[in-house]
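Some notes on the structure that comes next.
Since every read-out is calculated from the coordinates, none of them should be taken as a lab result. Owing to the predicted nature of the structure, the values given are computational and were not obtained by experimental measurement. All Cβ positions, glycine included, derive from the backbone under ideal geometry; neighbour counts span all protein chains shown.
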Amino acid sequence: MQSVARAVLPRILSVLEAISAILLFTMMALTFVDVIGRYVFTAPVFGAAEMIQFLLAMTIFGGLSLINAHDSHITVELFEPWLQKRFPRLQPILVQTFSVGVMTIIAWQLTVFAIEAHEIGSFTVVLEWPLVVVAGTVAGLSVVSLIVQILGLFLLDDPEWRGDHGDPL
């Protein structure tokens, strides 16, 4: 499985890096145009705040995949030193199992939300876009993040993969 992860994961991450960069740039450009329009021309972009909210959610979940793959989360080590001292071989397994469990719950709940938005036929408040598009995109990115995190687990012991990405800050 490690060879599959080593072959597939970089390709997925390259696509996610590009998607995240495009989303972040779009959010920045929209904010810039909205501010110029609002204060120079007294004509803000209609629905800009709502679009920025959607772009932010998509950017977060697109970037989360990159963080999950390299296990480079910002951490607060409350229990890890205690676990590492008493159960050095079990500690990484427990931490990663907990992380995958939490990401599974997040992906599951976002997927349920997207399905409900589709069934009810919900629309966004200002722009009246179908909510399922935004919710489905975020749910899809969270599922990809979970898959990437699981694939990244197979490469945690691979020094070539981790490089300096896995080192704590």
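Which residue, 90, 53, 68, has the largest displacement toward the positive end of the dipole of the stretch 1-92 when charges sit on each Cβ (Lys, Arg +1; Asp, Glu -1)?
90
Which semi-axes, in whole Å and largest first, does the equivalent ellipsoid of the stretch 1-49 have when worked out from the alpha carbon gyration tensor as the square roots of 5 times its eigenvalues?
Working: eigenvalues 318, 11, 4 Å².
Working from the Cα gyration tensor, I get semi-axes of 40, 7, 5 Å.
About the Cα centre of the chain, how large is the charge dipole given +1 on each Lys and Arg Cβ and -1 on each Asp and Glu Cβ? Please answer in debye to the nearest 20. List each step's numbers first, then the result.
Values: 7 positive and 14 negative charges, 45 e Å.
In total the dipole reaches around 220 debye.
Can you tell me the Rg and the Dmax, both Å, for the Cα atoms in the stretch 52-94?
According to the Cα coordinates of the stretch 52-94, Rg and Dmax are 15.1, 46 Å.
Mind listing which GluC sites (Glu not before Pro) in the stretch 46-146 are in a DSSP loop and have 14 or fewer other Cβ atoms within 10 Å? Before the final figure, lay out each step's value.
Numbers: sites: 50, 77, 116, 119, 128; in loops: 77, 128.
Passing both the DSSP loop test and the Cβ count: 77, 128.
Contour minus end-to-end for residue 8 and residue 120, with contour as 0.36 nm per residue of separation and end-to-end as the Cα-Cα distance? Kindly include the intermediate steps, with their values, before the conclusion.
Values: separation 112, 0.36 × 112 = 40.32 nm, distance 3.64 nm.
Difference between extended and current length: 36.7 nm.
What longest region of the chain stays clear of chymotrypsin sites (Phe, Trp or Tyr not before Pro) that DSSP places outside H, G, I, E and B and that have at most 12 other Cβ atoms within 10 Å? Could you put the intermediate results ahead of the total?
Values: sites that count: 41, 46, 79.
Longest site-free region, per DSSP loop and neighbour criteria: 80-169.
Using the membrane-span-like helix rule (whole DSSP H runs, Cα extent along the own axis of at least 18 Å, mean Kyte-Doolittle hydropathy at least 1.6), which helices of the chain qualify? It would help to have the intermediate numbers written out before the result.
On the way: long enough: 2-39 (54 Å, 1.29); 48-70 (33 Å, 1.27); 91-120 (44 Å, 1.11); 131-153 (33 Å, 2.35).
Correct list, ordered by number: 131-153.
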